[in-house]
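Note sheet for the following structure.
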There are 2 protein chains.
Amino acid sequence: MTGMPRKALATEAEPSEMALESLVGYNLKRAYVILQNDYRAVMGEHGLSPRVFSALTFVVETPNLTQSDLARRLGIERSGLVAIVDELEGRGYLRRVAVPQDRRVQALSPTDAGVQAYEAALTLVHAHEDRMLQTLDAGERDQLLHLLKKIRETGE
Amino acid sequence: MTGMPRKALATEAEPSEMALESLVGYNLKRAYVILQNDYRAVMGEHGLSPRVFSALTFVVETPNLTQSDLARRLGIERSGLVAIVDELEGRGYLRRVAVPQDRRVQALSPTDAGVQAYEAALTLVHAHEDRMLQTLDAGERDQLLHLLKKIRETGE
DNA sequence: TATTGTTATACTCTATAACTATA
DNA sequence: TATAGTTATAGAGTATAACAATA
């Protein structure tokens, strides 16, 4: 005998009736999970994770970046950044460079391979976002970015 | 001697120039983290976590809900739901009720205390969202919900 | 054979605390 | 004293695989 059909017990409720559906936080999380899952699928098993890609972007775009700078910009602790920088260094995408003026510090310098990997990854990310946001027109996409930045400004 | 001043090494780059700033995924994650941190602060150290609150909402609003139903609706695995239901049962907010028609199943039935806890938590969550979204007018908030739901529809 | 609830296990992400070397 | 980078450790949150009971 086959198992019970889906939803045999639970009464079907219109999603729009659910209190959760009118909460921004709940919808934000669901959308975030969907985007992240597709991101990982697009980047592949050995691709850069979201946080490593973000870190590489800062390293490529910001000259003379230190780890403490980067941690602050990413909004994480210095300790958590070590593994991220280790991975990027292990892939040959950046070097830890000694800074004579302050020997506590090591500046993060992108390699040529790191710049190329960043550009290749960015192309994949753009394709991923275009596909995930295909039901939004250009105006809606700008509006979404604008509203998300407003939330960021409130909390940062 | 005090340490180096902030940003002594890294050149300041306008955030709007960064490639990350035009990515929906990056802004979605940053906004999600901000909302989640405030949520946890509002709910308190012993408050319901986001996933437990979401689960309680489904239990209160959906009669005769089973664990498999709930896992599917939350978008997580059945195995991951056990700890969530254990916590809600431990707090006295729901009961696992045997279902005579199918003895594999235990329906999740909210207690009076569970309904009260849900309503109290929902009030806190609404206050939290009103504060975090204070810079958005009613139209912007509706638009944000609309756009997030569009992303959910694309990926579910 | 398939499904429900469950346990065991592992992996990712992140935080806190403490250490060292420098300032 | 304070900061930069690091290590050790722990806690969420989630996934996969396997199991017993039941369909």
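The values are calculated or read from the model by the stated rules, or taken from the named source; none is laboratory data. Owing to the predicted nature of the structure, the values given are computational and were not obtained by experimental measurement. Side chains are part of the model used for accessible areas, which takes the heavy atoms of the whole protein and leaves out ligands, DNA and RNA. Shrake-Rupley method; radii C 1.70, N 1.55, O 1.52, S 1.80 Å.
One table, with the values for the structure above:
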read-out	value
Shape of the stretch B:34-81, Cα gyration tensor, a/c cut at 1.5	prolate
Per-residue [θ]222 nm for chain A (sum of -39500 (n - 2.57) over DSSP H runs n ≥ 4, rounded to 500)	-19500 deg cm²/dmol
Cα pair count fraction exceeding 19 Å, expressed as % - the stretch A:48-155	53
The stretch A:81-134-the stretch A:43-78 distance, computed between alpha-carbon centres (Å)	6
Antiparallel %, DSSP beta bridges [both residues in the protein assembly as shown], to 5	100
Convex hull projection area averaged over all views, the protein assembly as shown, Cα basis, nm²	19.9
Accessible area of B:R141 in the full protein assembly, 1.4 Å probe (Å², nearest 10)	60
Under 5 Å, built H, 5+ apart or other chain: amide partners of A:S49	none
Kyte-Doolittle mean at least 1.0 and Cα axial length at least 15 Å: DSSP H helices in chain B	B:50-61
GNM top mover of A:D102, A:D112, A:D38 - chain A, alpha-carbon springs below 10 Å	A:D102
At 0.890 mPa s and 25 °C, Stokes D of the stretch B:100-156 from Kirkwood alpha-carbon radius, µm² per second	165
Lysine pairs within the protein assembly as shown, Cα separation less than 29 Å, 8 or more sequence positions apart or different chains	19
